[in-house]
Every structure is written in C-alpha cells, then in structure tokens.
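Values in this text are rule-based calculations from the coordinates and carry no lab data. Quick caveat: nothing in here was measured; it's all calculated off a predicted structure. Neighbour counts run over all protein chains shown; Cβ positions are idealised from the backbone, glycine included.
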Amino acid sequence: MTALGSQPVELLASCWTTAGDARPTRGDERSPFSLPSRIEAAADAGYRGFGIVHADLAADATSGFDAIAAMLATHAIVHLELEMFNDWFATGSRRRASDLVRLDLLRAAERLRPRHIKVGSEIGGHEWPWGRLVESFAELCRQAADAGTRVAVEPMPFGQVKDLALGRRLVDDAGQANGGLMLDLWHMARGGVDLAEIRDLPVRYIFAVELDDADEQVRGATLSEDTLDFRRLCGEGDQDVAGFIAATRATGYAGPWGVEILSEDFRHLTLQEQARRSFQTTMGEFAAR
C-alpha cells in the first residue's frame, strides 16, 4: 500500500494482468501460470488485490477454496475480484451454460468473500428487452447477497449496457443495494464518457475501477479487437489516466484500483515482468497527481 497525500493507494491485479498468454473469448481462458505463482508475483510487485477468472477458478478447484484463501492470506492479498460472468440475462443454451458458471462463482464467493463479481452485458448485437435485463440483474444481485458479495456490471461501448447512463439505469431499476458499476478507463475513453460525467457520478454507484491506457486511435478492425489485443500500460498510451484517477477520486471513491492490461505484446512478458511493470507504471500515474 502506498499513500499519496491522505489517501492510501492499493492496486488490484485484475485476472488478465498476471495471466500470461491467455485471452478472453479463447476456447480455453486458463492461464499457463499457476495460481500460487501469480498471487506471489502480484504481491511481490506491490499489489494488495487479485482477480481470478472463472476458468482459472475451475481449473484450481482440486486444491479447494480453503487453499486459495490461504494463498491470498499468506501474501497479504486483501482484495479479491471474481470474473467474468456473462449471459446472466440470456435464454436457452446460453443460459444453461451460464448457470453452471453462476453456481461456481457463487460457491466461490461464499468461501472466498470477494469484493464483487464482475459481469458484462450482451456484446453479440442482440437487444434483450430492458425488463428482462433488470429482472435478471436483480435476481443475480439477490443471489450474490446470499453468498456475501456484490455485483459490479461493466459498461462497454460495444455492449447493450454501453455507457454510464445505461449502467446507472440498470442499477437503479434493479433496486438492489449490492448492485453497482465497474468503471474501466478503456471503456470510458472509447465510449466517449467525459471526465466531468465521472466526476459527477454519485459514489454509491462505483463498486470498482480499472486502470489501463490506449492509443488515441482505435487499433484493429473493431473496438473488441482493440480492447483485447492493444491496450497499453498506464502512461504509455494517449489517454488521460491521471485525469481519470482525479475524476474518480473526486466522487469520494476510496477502494482499490484494478489494473487490467490486455495486449498481445504484454501476454508474452514473463509473469514477474507483467506484475512489476503493470504495478510500477500505474503507480506512476498516481504520483503524477
């Protein structure tokens, strides 16, 4: 933990930041690095939080949740994030598959007590009825509350919940105190969300924040390709990372700051380099303020 002024700064290594050559939407999202080695590398770099994606949670199930909890405690990791839960609103085969993931994540939440479970929205182009999204989100929040955790929905410019306005509407309409938002700098920047809108956001909505960077222009053929393969380390792109931090702090947010780096180049660094470089470059943006 580092203190800047009167506000402590604790960083959380989001799951992909220590995952090595692993990527969302691949058929197999498991990291080639073991969970113990990733937790140790993150802690050695200075992280106080850690993220686990469902694929790695399921792959490590043989060691049991108690073993994972012991790993986190041994390395003084105090903030845990579970992700990424999609299709909670879907029907048919998509819903049946997502219900299996839901069960795993809720069981893990009961034992590991994460800060939240991170969820997305529809990114395949289908527009679900708003009432269905609200009802499904409220149901998920109630189940998460029973498991002792919260749900943070992440607005994405290529998703049905594409911006802060829709994210706030979903949270408000669902009416569950443990339902809130995940603010990712990349999604805010690429979605054209102004820093003033973030600054004016009531802090009760903000459950989690993720930091990263991006080039001025979109790289790749789509926004999805840009976000999965071309993110930058904080301070090495063209976005106003320090300004985003300042705007978020102005809301009164005082939780940990996730660091989520997704890029083809970054995936081929060693585990120790991933943890060290992501931590140091991010902390440099706090020092800039």
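Can you work out the Karplus-derived ³J(HN,Hα) for every residue in the stretch 107-114? Use 6.51 cos²θ - 1.76 cosθ + 1.60 with θ = phi - 60°, whole Hz, and x for glycine or proline.
4, 5, 5, 4, 9, 9, 6, x
For the stretch 232-288, calculate the relative contact order in percent as a whole number, restricting contacts to Cα pairs under 8 Å that are 6 or more residues apart.
61
Springs between alpha-carbon atoms under 10 Å, Gaussian network over the chain: tell me which of ARG94, ARG102, ARG249 tops the mean-square fluctuations.
Highest fluctuation of the listed residues: ARG94.
Take the stretch 147-187, drop everything but the C-alpha atoms, weight them equally and run the Debye formula without solvent; then report log10 I(q)/I(0) at 0.20 Å⁻¹ to two decimals.
-0.57
Take the alpha carbon atoms of the stretch 245-279, find their center, do the same for the stretch 219-238, and report the distance between the two centers in whole angstrom.
For the stretch 245-279 versus the stretch 219-238, the Cα centre distance is 14 Å.
Return THR17, THR25 ranked ascending by Cβ neighbour count within 10 Å, so the fewest neighbours appear first.
THR25, THR17
Please work out whether the chain counts as rounded, prolate or oblate from its C-alpha gyration tensor, where a ≥ b ≥ c are the square roots of the eigenvalues and a/c under 1.5 means rounded, while otherwise a/b larger than b/c means prolate and anything else oblate?
Note, shape of the chain comes out rounded.
Please state the relative contact order of the stretch 95-189 as a whole percent: Cα pairs under 8 Å, 6+ residues apart?
Computed over the stretch 95-189, the figure is 30 percent.
Compute the relative contact order of the chain as a whole-number percentage, counting only Cα pairs closer than 8 Å that sit 6 or more residues apart in sequence.
20
Using the Karplus equation 6.51 cos²θ - 1.76 cosθ + 1.60 (θ = phi - 60°), what ³J(HN,Hα) coupling, rounded to whole Hz, does each residue of the stretch 132-137 give in order, writing x for Gly and Pro?
Along the stretch 132-137, the couplings run 5, 4, 4, 4, 5, 5 Hz.
Is there a quick way to get the dipole size of the chain? I mean about its Cα centre, with the Cβ of Lys and Arg at +1 and of Asp and Glu at -1; what is the value in debye to the nearest 20?
Charge dipole, the chain, about its Cα centre: 720 debye, nearest 20.
Using amide H atoms built 1.01 Å from N in the peptide plane, name the residues 5+ places from LEU11, or on other chains, whose amide H lies under 5 Å from its own.
Here ARG48, GLY49, TRP257 satisfy the definition.
I'd like the Karplus ³J(HN,Hα) series for the stretch 226-233: coefficients 6.51, -1.76, 1.60, θ = phi - 60°, whole numbers in Hz, and an x wherever there's a Gly or Pro.
4, 6, 8, 10, 9, 5, 10, 5
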